[in-house]
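Take a look at the structure set out below.
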Amino acid sequence: MTALAVHDLDVDLGGRPVLRGVRLHVDPGELVGLIGPNGAGKTTLLRAVLGLIRIRSGQVLVDGVPSRPGRCAIGYVPQRHEFAWEFPISVQEAVLSGRTGRIGLLRRPGAADWRATAEAIDRVRLGDLRRRPVAELSGGQRQRVLVARALASQPALLLLDEPFTGLDMPTQELLGELFTGLAAEGTPLLMTTHDLIGAMDACSRLVLLNRRVIAEGKPAELRDPQLWMRTFGISERSPLLRLVGVDTAAVAAASSEGTG
Amino acid sequence: MPITEFIADLFNPDLAFLPKALLIAVMSSVVCGVVGCYVVLRGMAFIGDAVAHAVFPGLAVAFVLQGSLVLGGAVAGIVTALLIAVFAQRRRIKEDSLIGVFFVAAFALGIVIISQAPGYAGSLQQFLFGSITGIPDRDLYTVGFTGLAILAVLFLLHKELVAVSLDRESARSVGLPVFWLDIVLYVLVTLAVVISLQTIGNILVLALLITPAAAARLLTDRLGVMMLLAPVIGGGSALVGLYLSWSYDLPVGGTVVLVATGVFLLAWVFAPRHGLLARRRREPAGEPHRESDGTPESQVTPVSAEVDERPMG
């Protein structure tokens, strides 16, 4: 079954249209990258999927059921600055907090909660640091804590908001491997990112978004520079096209041939 | 005055107000210490200050009507806290500005009300700076039960309050009632402030919320330990402060706060990991956030190797 299916989603924020007619799906085993410029509506789309903002029309189905906060079918990994890292708790307590919704009001965490926490910590390979205060972690370790916290609720789908931002290349690579590993083990992921190279490399599928879905497909299929130019609002001379390996020289040659 | 004499005074039936004041001061400091942990960790110090102002009109009304000060203060504080929470939902004006508007307005209202009562100047000073005399017996029970109720709610909602404090958006996404948890916390802060007003006074009560919790934060990196240390520091400061105040005829609120401040300064210098001395000692060893932990993240791969391994495109 499709882990996430978004049908014809329209979202307005403050009376202005932000998303229009967005169709999107994430299947088991997939790591899908959501790519677009600032203001394209990436984070809004994630929030709509989480059920945190009202949608104007359309439908968001997670594991076949309409999304609503508290269903716990979705694990959310926010941007790192959203988390209060100076809070005096250890890695495992931070991860356990991901199960708060599951444990329920007025109950204490039980054996199942601690087991899920330990598994989540092992999956992101933070076992050696489980007792360390979160304030003392590096950026990459913090990102892994957030992923583990989301995994602790045993979600059917992980949503990641710009997990690579502000991290150095080796750390990005490690995280990219972690994400592809999670996808292969059966937790599908949808992530927004500005790291185009990383996304081309790690993602099984990319969605180019700018208020609506401009294109989607395997990284190797997105060869048409027009798609990238429309998504990011850039000219055919933009270095971005070279960065993602879209052959601009050929296009330029073709267009000059056409005019000449 | 030697301690033995202080203890003798505590059991002197002619000085019956003294043990009552001590009990109230210690109980309210303990409760404020625990609640204060959240206030400090969430950066809500301004809200604590504001609540202390907001309860003032309630106290004034209760004073004029000869009613229970604790009840009057609680009602006024909670009403104002709810107003803030509701107004803050529309993000046009930021929360701290709203607090600035409403809580100071409440304080102003309190001053206007109390100026209408006879014996205005003396009672005003009592409200603002605290007093150990004239505490009715029923206040002892009110403070005791309210304190227990506050601690019970904090205990029962601990993991929810932690989750919301860590990251509101994620808390919302797992279905926690973030708005209501905020309200609960505001109300608990208000109640903790109100039960402490009697001995410490309106101006100084903020110190009971912030100082012990801040000192405890310097001493530990574990939330559970912090929430035990803060009430111990608060209760201890109340005890020592009242003793000094009684011995040297000093104002009780000010003395208690100064003792707590002393503890905070000691912690700031001598705390095992975050203290001034510990940081000095560690400095040559390098920046604390970049401790090597054996994970490959801290090693930067040479650029050429990176390119070799991962051809672009």
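The values are calculated or read from the model by the stated rules, or taken from the named source; none is laboratory data. Predicted model, so just to flag it, every value in this text is computed and none were measured. Note that we place each Cβ from the backbone using ideal geometry, even for glycine, and neighbour counts take in every protein chain shown.
The single condition among (1) assigned to a loop (DSSP other than H, G, I, E, B); (2) surrounded by 15 or more Cβ atoms within 10 Å (Cβ to Cβ) that A:Ala5 does not meet is (1). Of the residues making up region A:75-132, just one is under 20 Å from the mean Cα position of the chain (by Cα), among the basic types (Lys, Arg) and part of a loop (DSSP other than H, G, I, E, B), namely A:Arg125. The one condition from (1) out of contact with any strand residue (DSSP E or B) (no Cβ under 7 Å at 6 or more places or on another chain); (2) of a type outside the set (Ser, Thr, Tyr); (3) buried (at least 23 other Cβ atoms within 10 Å of the Cβ) that A:Gly127 does not meet is (3).
Criterion applied to A:Gly51, A:Gly33 was being more than 20 Å from A:Val145 (Cβ to Cβ), buried (at least 20 other Cβ atoms within 10 Å of the Cβ) and modelled with pLDDT of 95 or more, and the one residue passing it is A:Gly33. Among the residues here, A:Pro163 does not qualify as without any contact (Cβ under 8 Å) to a residue 40 or more places away in the chain and touching a helix residue (DSSP H, G or I) at 6+ places or on another chain (Cβ under 7 Å).
Going through (1) of a type in the set (A, V, I, L, M, F, W, C); (2) more than 13 Å from the chain's Cα centre (by Cα); (3) under 18 Å from A:Thr192 (Cα atoms) one by one, A:Ile55 falls short only on (3).
Checked against the criteria, B:Asp221 counts as in a loop (DSSP other than H, G, I, E, B), among the acidic types (Asp, Glu) and either crowded, with 18+ Cβ neighbours inside 10 Å or at pLDDT below 95 (or both). Condition test on B:Gly234, is it in a helix (DSSP H, G or I), surrounded by 14 or more Cβ atoms within 10 Å (Cβ to Cβ), modelled with pLDDT of 90 or more and touching a Gly at 6+ places or on another chain (Cβ under 7 Å)? Here the answer is yes, as B:Gly234 does meet what is asked. Checking the structure you have, find out if any residue of region A:166-179 is surrounded by 21 or more Cβ atoms within 10 Å (Cβ to Cβ), of a type in the set (Val, Ile, Thr) and at pLDDT 95 or above. Scanning region A:166-179 turns up no residue that is surrounded by 21 or more Cβ atoms within 10 Å (Cβ to Cβ), of a type in the set (Val, Ile, Thr) and at pLDDT 95 or above.
Here the condition is being under 15 Å from B:Ser29 (Cα atoms) and part of a helix (DSSP H, G or I); of B:Val162, B:Val194, B:Val153, B:Val187, it holds for B:Val194 alone.
Listed here are the residues, each with its yes/no results for (1) within 14 Å of chain A (Cβ to nearest Cβ); (2) over 24 Å from A:Arg131 (Cβ atoms); (3) touching a residue at least 12 places away in the same chain (Cβ under 8 Å); (4) acidic (Asp, Glu).
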{"position": "B:Val187", "(1), (2), (3), (4)": "no, yes, yes, no"}
{"position": "B:Ala192", "(1), (2), (3), (4)": "no, yes, yes, no"}
{"position": "B:Thr199", "(1), (2), (3), (4)": "no, yes, yes, no"}
{"position": "B:Ile203", "(1), (2), (3), (4)": "no, yes, yes, no"}
{"position": "B:Val232", "(1), (2), (3), (4)": "no, no, yes, no"}
{"position": "B:Gly236", "(1), (2), (3), (4)": "no, yes, yes, no"}
{"position": "B:Ser247", "(1), (2), (3), (4)": "no, yes, yes, no"}
{"position": "B:Trp268", "(1), (2), (3), (4)": "no, yes, yes, no"}
{"position": "B:Arg281", "(1), (2), (3), (4)": "no, no, no, no"}
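Do we have any residue at all in region B:138-149 that's over 30 Å from B:Gly241 (Cα atoms), without any contact (Cβ under 8 Å) to a residue 40 or more places away in the chain and under 20 Å from the mean Cα position of the chain (by Cα)? No, that holds for no residue.
Taking residues in region A:82-110 that are under 27 Å from A:Arg47 (Cβ atoms) and at the interface with another protein chain (Cβ under 7 Å from one of its Cβ atoms), and partners anywhere that are assigned to a helix (DSSP H, G or I) and of a type in the set (Ser, Thr, Tyr), the pairs with Cβ atoms closer than 9 Å and at least 6 places apart or on different chains are A:Glu82/B:Ser170; A:Phe83/B:Ser170; A:Ala84/B:Ser165; A:Phe87/B:Ser165; A:Ile89/A:Ser97; A:Ser97/B:Ser170; A:Gly101/B:Ser173. When the residues of region B:137-185 are filtered to those that are within 12 Å of chain A (Cβ to nearest Cβ) and of a type in the set (Gly, Ala, Ser), which remaining residue is farthest from A:Val62 (Cα to Cα)? Per the criteria, the residue is B:Ala152.
Residues in region A:78-113 that are farther than 23 Å from B:Met226 by Cβ, assigned by TED's automatic domain parsing to the domain that holds A:Gln141 and buried (at least 18 other Cβ atoms within 10 Å of the Cβ): A:Gly101, A:Arg102. Can A:Leu209 be described as surrounded by 17 or more Cβ atoms within 10 Å (Cβ to Cβ), within 14 Å of chain B (Cβ to nearest Cβ) and either farther than 20 Å from A:Thr44 by Cβ or modelled with pLDDT of 90 or more (or both)? In short, no. Filtered by the rule that a residue be within 19 Å of A:Leu182 (Cβ to Cβ) and part of a helix (DSSP H, G or I), region A:35-74 gives A:Leu46, A:Val49, A:Leu50.
Looking at A:Arg68, is it facing chain B (nearest Cβ under 9 Å), more than 26 Å from B:Arg217 (Cα to Cα) and not aliphatic (A, V, I, L, M)? Yes, satisfied.
Looking at this structure, is B:Phe145 of a type in the set (A, V, I, L, M, F, W, C) and in contact with a Gly (Cβ under 7 Å, 6 or more places away or on another chain)? Spelling it out, it is not the case that B:Phe145 is of a type in the set (A, V, I, L, M, F, W, C) and in contact with a Gly (Cβ under 7 Å, 6 or more places away or on another chain). Taking the criterion of being surrounded by 24 or more Cβ atoms within 10 Å (Cβ to Cβ) and either under 15 Å from B:Gly254 (Cβ atoms) or not aliphatic (A, V, I, L, M) (or both), the residues of region B:186-203 that qualify are B:Thr190, B:Ser196, B:Leu197, B:Gln198, B:Thr199, B:Ile200, B:Asn202.
Could you look through region A:56-77, keep only residues that are crowded, with 20+ Cβ neighbours inside 10 Å and among the hydrophobic types (A, V, I, L, M, F, W, C), and pick out the one that is nearest to B:Met227 (Cα to Cα)? My answer is A:Val77. Residues of region A:167-188 that are outside any helix (DSSP H, G or I) and within 13 Å of another protein chain (Cβ to nearest Cβ): A:Leu167, A:Asp168. Is it fair to say B:Asp308 is modelled with pLDDT under 50, over 35 Å from the mean Cα position of the chain (by Cα) and not in a helix (DSSP H, G or I)? The answer is no for B:Asp308.
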